[in-house]
């Protein structure tokens, strides 16, 4: 049985952005080592953040979100995944709006005393034209807190900082090698 990975891609720039380079590298590497990969380009989806109605808390063994939108089926995939990859450029000292809304919906994965992400691994991938202290540190901290609360393991962070063009990022072979080490180390 192959392992399952879900990539939540939070960049609106799906052809010429830097984040899509990292997403494509991760997708390809995971497929190469035999993972089943589901990728969701969040900006193409029609969904909103959690309504915090707590209806999901009445269902224990599945997400149970009552919002009827594109993200509802993704919640079940996240619950079934072995690895969750969160990819986002840093916007205004945080993740993109679509990424924030997706993470907000993780609320349905946290039941009263049960976490549907317990034991799963989470990988953060971020890009920034600035340095790591222009919001990326806050993005990483947020994901680590999410993992701590949900009993998941924060696997690592892959970051492309001080990078303004896709062409520049594509020259950073060491970054792709590092991502490969992270994925291969987890895949064995």
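The values are calculated or read from the model by the stated rules, or taken from the named source; none is laboratory data. Keep in mind the model is a prediction, meaning the values are calculated, not measured. For neighbour counting, all protein chains shown are included, and Cβ atoms are generated from backbone atoms with ideal geometry for every residue, glycine included.
Okay, here's what the table says:
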quantity	calculated
Qualifying residue in the stretch 47-68 (condition: free of Cβ contacts under 8 Å to residues at least 40 places away in the same chain and closer than 17 Å to residue 9 by Cα)	no
Test result for residue 131, touching a strand residue (DSSP E or B) at 6+ places or on another chain (Cβ under 9 Å) and either more than 30 Å from residue 59 (Cα to Cα) or at pLDDT below 85 (or both)	no
Residue check for residue 74: surrounded by 18 or more Cβ atoms within 10 Å (Cβ to Cβ), at pLDDT below 95 and within 26 Å of residue 21 (Cβ to Cβ)	no
Among (1) more than 30 Å from residue 164 (Cα to Cα); (2) touching a strand residue (DSSP E or B) at 6+ places or on another chain (Cβ under 9 Å); (3) surrounded by 19 or more Cβ atoms within 10 Å (Cβ to Cβ) - the single one residue 63 does not satisfy	(2)
